[in-house]
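**Student:** I'd like to ask some things about the structure below.
The numbers here are math on the coordinates, done by the rules we state, and not lab data. Computed from a predicted model, the values in this text were never measured in an experiment. Here the Cβ positions follow ideal geometry from the backbone for every residue, glycine too, while neighbour counts run over all protein chains shown.
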Amino acid sequence: MADPAKTVAFIGLGVMGYPMAVNLRKGLSAEYTLLICDVNKDAIAKFQKQMEGKGPVEVVENGLEAVQKANMIITMLPNSSAVKAVYLSPTTGLLPGALSTASSSSSSSSSSSSSSGTPHPKMLMECGTIETATILEVASAVKNTTLFSGTLTFVDAPVSGGPMGAEDGTLTFMVGAAQTADFETVKEVLAHMGKRDAVFHCGDVGAGTAFKIINNYLSAITSLAASEALNIGAKMGLDLKLLTEVINVSGGQCWVTSKSNPVPGVQENVPSSRGYEGGFRIELCEKVLRMGAQLAGDVGARTVLDGPALGAFGEAMRDERYRGKDARVVYKWLNESERR
Ligand code: NAD
């Protein structure tokens with residue numbers, strides 16, 4: 001078996017995880033083994049084929065096997081139930097795996113003078129956008145496990161940048177880590193998948209997820225707000241390119257108006273100008289906005305705009321004309337809707 005200290009596991013080879021794992025394998029030196037794991041066997045087979053000759057790649061069946069073989073485990077999972085399954089399942093989970101590794105390591109050390117008896121430190125890292133309550137549940141379970149073995153650390157490190165950023169290796173990472181040293185450890189690995197200067201230590205475990213959710217809360221609402229404003233101009237027959245230009249040097253300027261304008265043809269190389277394809281899907285936008293509303297409720301922060309914005313995104317994404325498109329498709333939805 002490869003040295004666990006020189007083995008990294010990646011679980012969840014989906015839209016985001018697959019290209020992240022490709023960049024990780026390319027970034028790690030050949031003395032490192034990359035373990036891959038996904039319930040989708042096609043993704044595993046494709047990855048093995050694509051990465052042939054690019055350094056050692058091995059397949060593991062689940063979190064339990066991954067943590068027994070690797071000291072660093074990265075997960076890129078779609079939702080809370082997948083996270084709970086991968087981390088907490090008593091039969092296949094990362095945490096029971098770490099516990100069994102720690103106890104077998106310490107019992108073998110009592111009969112072997114060559115070993116220090118200290119199991120290798122294990123670092124677990126979730127990079128998906130997962131409900132804060134689940135992240136904190138896993139963090140608390142890890143803490144209890146740490147009390148037993150003293151060797152297990154969990155950080156949350158959600159990303160911004162979407163599938164294009166994952167492919168280009170230019171993701172931003174928002175890391176929640178209890179200790180600066182933990183952050184420095186994960187930063188070395190994350191730098192293979194993102195920009196080194198865009199790996200941020202946001203605070204304690206859970207803070208990375210909070211940063212991510214709060215940012216997306218704002219960008220979801222500005223997507224709708226910019227779309228409403230520009231649609232007023234459209235209904236008046238104004239020059240929307242000029243209107244955008246003026247907004248972008250005035251008080252209404254925001255990322256949406258300047259970098260991903262919702263009006264087709266106003267900017268080149270943005271989703272709205274290619275049929276709202278290849279951007280941040282409206283369903284994901286709605287999911288994270290909902291998480292933001294939930295987080296606001298959990299911490300007692302008063303909000304006004306989340307309710308109407310959720311209603312708008314919900315109505316648009318239930319309509320097959322807008323479903324699956326970039327979230328800025330709310331402009332088209334407004335433009336094609338009757339005023340109520
Ligand atoms: P996805 O559904 O394409 O990928 C998830 C992968 O996890 C799939 O390959 C699935 O088979 C695998 N998986 C699910 N359960 C598993 C289990 N128990 N064991 C092993 N593998 C399992 O999702 P995605 O678009 O790659 O997103 C992943 C995460 O990143 C989500 O939390 C999402 O919110 C977040 N995110 C997505 C984007 C985006 O634009 N797609 C951008 C930023 C963040």
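**Student:** State the answer as a single residue: which of MET164, ALA43, GLY203 lies farthest towards the positive end of the charge dipole of the chain, with beta carbon charges of +1 for Lys and Arg and -1 for Asp and Glu, about the Cα centre.
**Tutor:** MET164
**Student:** Still on this structure: Nothing charged except the Cβ atoms of Lys and Arg (+1) and of Asp and Glu (-1): what's the magnitude of the dipole of region 219-335 about its Cα centre? Round to the nearest 20 debye.
**Tutor:** Dipole of region 219-335, to the nearest 20 debye: 100 debye.
**Student:** Answer with one residue from ASN231, ILE214, GLY251: the one whose Cα lies farthest towards the positive end of the charge dipole of region 193-266, charges on Cβ with Lys, Arg +1 and Asp, Glu -1.
**Tutor:** Going by the Cα projections, it comes out as ILE214.
**Student:** In debye, nearest 20, what is the charge dipole magnitude of the chain about its Cα centre with +1 on Lys and Arg Cβ and -1 on Asp and Glu Cβ, if you could check?
**Tutor:** Its charge dipole is roughly 300 debye.
**Student:** Report, to two decimal places, the Cα Rg of region 187-340 normalised by 2.2 N^0.38 Å (N = number of residues).
**Tutor:** Rg over 2.2 N^0.38 Å, computed on Cα atoms: 1.12.
**Student:** Which three extents, in angstrom, do the Cα atoms of the chain have along their principal axes, listed largest first?
**Tutor:** Cα extents, longest axis first: 83, 48, 35 Å.
**Student:** For LYS332, which lysines qualify as cross-link partners when the Cα separation must be under 25 Å and same-chain residues fewer than eight apart are set aside?
**Tutor:** LYS235, LYS241, LYS259, LYS287
**Student:** For the chain, what does -39500 (n - 2.57) per DSSP helix run (n ≥ 4), summed and divided by total residues, give at 222 nm, in deg cm²/dmol to the nearest 500?
**Tutor:** Helices in the chain give a 222 nm mean residue ellipticity of -15500 deg cm²/dmol.
**Student:** Here is a further query. Can you spot the aspartates and glutamates whose alpha carbon is less than 12 Å from LYS54's alpha carbon? Ignore those fewer than 8 places along the same chain.
**Tutor:** Candidates past the 8-residue exclusion: GLU31.
**Student:** Let me spell out the model: positive unit charges on the Cβ of Lys and Arg, negative unit charges on the Cβ of Asp and Glu, origin at the Cα centre of region 4-205. What dipole size does that give, in debye rounded to 20?
**Tutor:** 320
**Student:** A 20 angstrom limit on the alpha carbon distance is what I want to check against. Which of LYS122/LYS212; LYS26/LYS212; LYS49/LYS325; LYS122/LYS143; LYS26/LYS49 exceed it?
**Tutor:** From the list (LYS122/LYS212; LYS26/LYS212; LYS49/LYS325; LYS122/LYS143; LYS26/LYS49), the Cα-Cα distance tops 20 Å for LYS122/LYS212; LYS26/LYS212; LYS49/LYS325.
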